[in-house]
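Bear in mind these aren't lab numbers, they're just calculated from the coordinates by the rules spelled out. Small disclaimer: the values here were computed from a predicted structure and weren't measured. Positions of Cβ are generated from backbone atoms using ideal geometry, with glycine treated the same way; all protein chains shown enter the neighbour counts.
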Amino acid sequence: MNDTTVNTSAAGEVVETDVIIVGAGPVGLFAVFELGLLDIRCALIDILDRSGGQCAELYPEKPIYDIPGYPIITGQALVEKLMEQIHPFHPTFHLSQMVETLGREPDGRFRLTTDAGTTFLGKVVVIAAGGGSFQPKRPPVPGIEAYEGTAVFYAVRRMEDYRGHDLLVVGGGDSALDWTLNLQPLARSLTLLHRRDEFRAAPDSVNKMRALVEAGKIKLALGQVSGLKGEGGRLTHATVKDKAGAENEIACTRILPFFGLTMKLGPVANWGLNLHENLVPVDTARFESSEPGIFAVGDINTYPGKLKLILCGFHEVALMAQAAVHIVFPEKKIVFQYTTSSSSLQKKLGVI
Ligand SMILES: Cc1cc2nc3c(=O)[nH]c(=O)nc-3n(C[C@H](O)[C@H](O)[C@H](O)COP(=O)(O)OP(=O)(O)OC[C@H]3O[C@@H](n4cnc5c(N)ncnc54)[C@H](O)[C@@H]3O)c2cc1C
């Protein structure tokens, strides 16, 4: 794994940088490149546990045919290429956290806070939040809300929190299988529950899971959770209904349901920006919002003729960077340069 992907913030930490980028989708990633060429440091924040936004989360293996210079490239491969391209600029990544609040400091800098308790201070904010925050789909289990945050979790923030627990992992996709494999060594017991004995996850993960079942290290159950038993947020059992309608109980103290994600605008709506149909209107010279210093690029913005295409987002970040540099370095004279011919840009890229 590229060291650019390391999650570098902790609860209570204050991260100071030049530009804070909300969203590490393809457009947020390429913003790092355009800003980096102008010597601007970036911190990226994403609610997901990896970079890549929709490309990585919704269609990692689908081919994309309209990225200039790549006649065909999968969503995940594009993300990997972008990560390689921005590596020379060493952005910091702050993953698995959602930006909740955005305000201004008395010194004019922006202050952002996340649900993980991290604070970010920067001169410019770039909202690259795409269709908004990916939010986990809640399984239709009566009374599940009473256990959310105490025994039911939709994402694994810290593996250690699951040590010694009786775990029930629910789902048949990559997340369910990945966490089954990763948490098995820590858990006191682990049951993987899926509707049927077919899995959407990568075949290699499925084979590894089946080997653990064979070895008696985990259990595989088929059916759906129909009820939960416990008290005061402490879980003891899940009731599971099989295809034939028969119910039985599985002892568990933690449940991890992985039922996919939906996209909701989320906290961006509360940041005091003018919104139009849940999108941030911007001008097409700077891609700045109604609030000076807050830019919006990629799927989250709107302007006449807007197309929600990755290549349009790439164009937007190039112009955004040319505007943002005057806020970050108000005194600096900016000379437009090509990467092909500028030795100063090539030094920054580490190619000479
Ligand atoms: C199935 C499918 C196929 C597609 N095919 C193509 C194609 O062939 N060609 C093409 O050009 N486009 C295609 N698209 C569209 C393309 O994926 C989007 O245009 C692109 O992903 C937009 O990039 P983005 O960086 O603006 O946003 P996103 O990729 O949506 O990334 C935004 C990121 O912001 C994060 N975020 C949001 N709110 C917060 C918050 N409050 N705090 C922290 N993080 C937050 C999200 O978790 C997300 O990771 C396709 C889309 C789909 C769904």
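Overview of results
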{"quantity": "Measure of compaction for the chain (Cα Rg per 2.2 N^0.38 Å)", "calculated": "1.10"}
{"quantity": "Gained length - Gln224 relative to Glu249, 0.36 nm times residue gap less alpha-carbon distance", "calculated": "7.9 nm"}
{"quantity": "Value of Rg/Rh across segment 118-164 [Cα atoms, Kirkwood radius]", "calculated": "1.11"}
{"quantity": "Under 15 Å, Cβ to Cβ, from Met320 - net charge with Lys/Arg +1 and Asp/Glu -1", "calculated": "-4"}
{"quantity": "Net +/- balance of residues flanking Val125 in space, Cβ distance below 13 Å, scoring K and R +1, D and E -1", "calculated": "0"}
{"quantity": "Helix-only mean residue ellipticity at 222 nm for the chain, each DSSP H run of n ≥ 4 adding -39500 (n - 2.57), per residue, nearest 500", "calculated": "-6500 deg cm²/dmol"}
{"quantity": "Tail fraction, Cα-Cα pairs, segment 229-352, threshold 22 Å, whole percent", "calculated": "62 percent"}
{"quantity": "Kirkwood hydrodynamic radius over Cα pairs of segment 283-352, then Stokes diffusion coefficient at 4 °C and 1.567 mPa s, in µm²/s", "calculated": "95 µm²/s"}
{"quantity": "Cleavage-rule hits, chymotrypsin sites (Phe, Trp or Tyr not before Pro), segment 73-125, DSSP coil, Cβ neighbours within 10 Å at most 12", "calculated": "none"}
{"quantity": "Whole-number Å³ per residue for the convex hull built on Cα positions in segment 178-294", "calculated": "216 Å³"}
{"quantity": "Sequence-distant lysines (8 or more away, or on other chains) whose Cα lies within less than 19 Å of Lys241", "calculated": "Lys219, Lys229"}
{"quantity": "Principal axis dimensions, largest first and in whole angstrom, of segment 228-277 by Cα", "calculated": "52, 29, 13"}
{"quantity": "Rounded to 5, percent antiparallel among DSSP beta bridges of the chain", "calculated": "45 percent"}
{"quantity": "Highest-MSF residue in the chain out of Ala215, Ala285, Ala151 [GNM, Cα springs under 10 Å]", "calculated": "Ala215"}
{"quantity": "Cα-based equivalent ellipsoid, segment 128-236: semi-axes from gyration tensor eigenvalues, Å", "calculated": "22, 19, 15"}
{"quantity": "Full-stretch length increase - Lys332, Ala211 - with 0.36 nm per residue and alpha-carbon distance subtracted", "calculated": "37.5 nm"}
{"quantity": "Per DSSP, loop GluC sites (Glu not before Pro) in segment 37-138 with at most 13 further Cβ within 10 Å", "calculated": "Glu61"}
{"quantity": "Leading residue at positive end of dipole, segment 225-334 (Cβ point charges), from Thr239, Ala324, Cys312", "calculated": "Thr239"}
{"quantity": "Radius 11 Å from Cβ of Asp197, net charge of other residues (Lys, Arg +1; Asp, Glu -1)", "calculated": "+3"}
{"quantity": "Exposed trypsin sites (Lys or Arg not before Pro) absent: longest stretch of the chain, with sites in DSSP loops and at most 15 other Cβ within 10 Å deemed exposed", "calculated": "1-136"}
{"quantity": "Calculated FRET efficiency for the pair Leu309/Arg200, C-beta based, R₀ 45 Å, to 0.05", "calculated": "0.95"}
{"quantity": "Of Gly266, Gly232, Gly171, the one that fluctuates the most in a GNM where the chain has Cα springs shorter than 10 Å", "calculated": "Gly232"}
{"quantity": "Dipole magnitude of the chain, debye to nearest 20 (Cβ charges: Lys/Arg +1, Asp/Glu -1, about Cα centre)", "calculated": "400 debye"}
{"quantity": "Sparse-neighbour loop sites [GluC sites (Glu not before Pro); segment 219-306; at most 11 other C-beta within 10 Å; DSSP]", "calculated": "Glu277"}
{"quantity": "Under 24 Å from Lys332, Cα to Cα: lysines that are on another chain or at least 8 residues apart", "calculated": "Lys123, Lys347, Lys348"}
{"quantity": "For segment 70-195, projected area of the alpha-carbon convex hull averaged over all directions, nm²", "calculated": "12.0 nm²"}
{"quantity": "Segment 55-144 - convex hull of the alpha-carbon atoms, volume per residue in Å³", "calculated": "158 Å³"}
